[in-house]
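Chemist: Below: one structure in structure tokens.
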Amino acid sequence: MGADLLLAQRQLQTANDEITLLQEDVSTLRAELARERDTIQSLNRPLKMLSPADPPADPRPRLQELPPPPKYNGDHTSLKAWKIPVNIKLTGDTAKFPDDNHKLAYVYGLLEGKAMDQI
């Protein structure tokens with residue numbers, strides 16, 4: 001039994017030595033982590049000063065949200081007066097109407113009555 005006890009004591013001592021080494025490794029890693037955090041904070045300070053207080057402006061054109069023109073029913077006497085707000089809408093809301101197909105589709109939606117029947 002003496003040999004078994006001696007072997008168990010050596011194994012216990014080896015395990016204690018390993019625990020001590022692991023605790024030293026953990027302490028070393030914690031110190032490295034603290035240094036890395038300090039480095040990150042010191043690098044972020046100048047970035048915060050460079051960051052604008054307001055978000056950057058949206059580069060996309062803003063829609064003017066012009067009111068829609070009235071419907072056109074085919075009355076020739078009101079055609080000139082109807083075309084003015086249609087032109088204003090098409091040129092003012094350019095983001096909504098990027099090409100002629102979009103413009104034609106929009107104007108087609110403004111037609112009713114005789115004007116719609118003719119188209």
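The values are calculated or read from the model by the stated rules, or taken from the named source; none is laboratory data. Computed from a prediction, not measured in an experiment: that's the story for all the values here. When we count neighbours, we look across all protein chains shown, and the Cβ atoms used for this are built from the backbone with ideal geometry, even at glycine.
Chemist: List, please: which pairs have Cβ atoms under 7 Å, are six or more places apart or on different chains, and start with a residue in the range 84-111 that is under 14 Å from residue 72 (Cα atoms) and in contact (Cβ under 8 Å) with a residue 24 or more places away in the chain and end with one that is of a type in the set (A, V, I, L, M) and exposed (fewer than 11 other Cβ atoms within 10 Å of the Cβ)?
Modeler: Between residues of the range 84-111 that are under 14 Å from residue 72 (Cα atoms) and in contact (Cβ under 8 Å) with a residue 24 or more places away in the chain and residues that are of a type in the set (A, V, I, L, M) and exposed (fewer than 11 other Cβ atoms within 10 Å of the Cβ), the close pairs are 111/119.
Chemist: Then there's this: With respect to residue 70, is the statement that it is in the same structural domain as residue 109 (by TED's automatic domain parsing), assigned to a loop (DSSP other than H, G, I, E, B) and modelled with pLDDT of 90 or more true?
Modeler: In short, yes.
Chemist: Moving on to the next point. Hey, can you tell me all the residues within the range 98-115 that are under 15 Å from residue 67 (Cβ atoms) and touching a Phe, Trp or Tyr at 6+ places or on another chain (Cβ under 9 Å)?
Modeler: Kept after step one, since they are under 15 Å from residue 67 (Cβ atoms), are these residues of the range 98-115: 106, 109-110.
Listed by number, the residues that qualify are 106, 110.
Chemist: Quick one: would you say residue 31 is among the small types (Gly, Ala, Ser) and either more than 44 Å from the chain's Cα centre (by Cα) or modelled with pLDDT of 90 or more (or both)?
Modeler: So residue 31 fits the description; yes.
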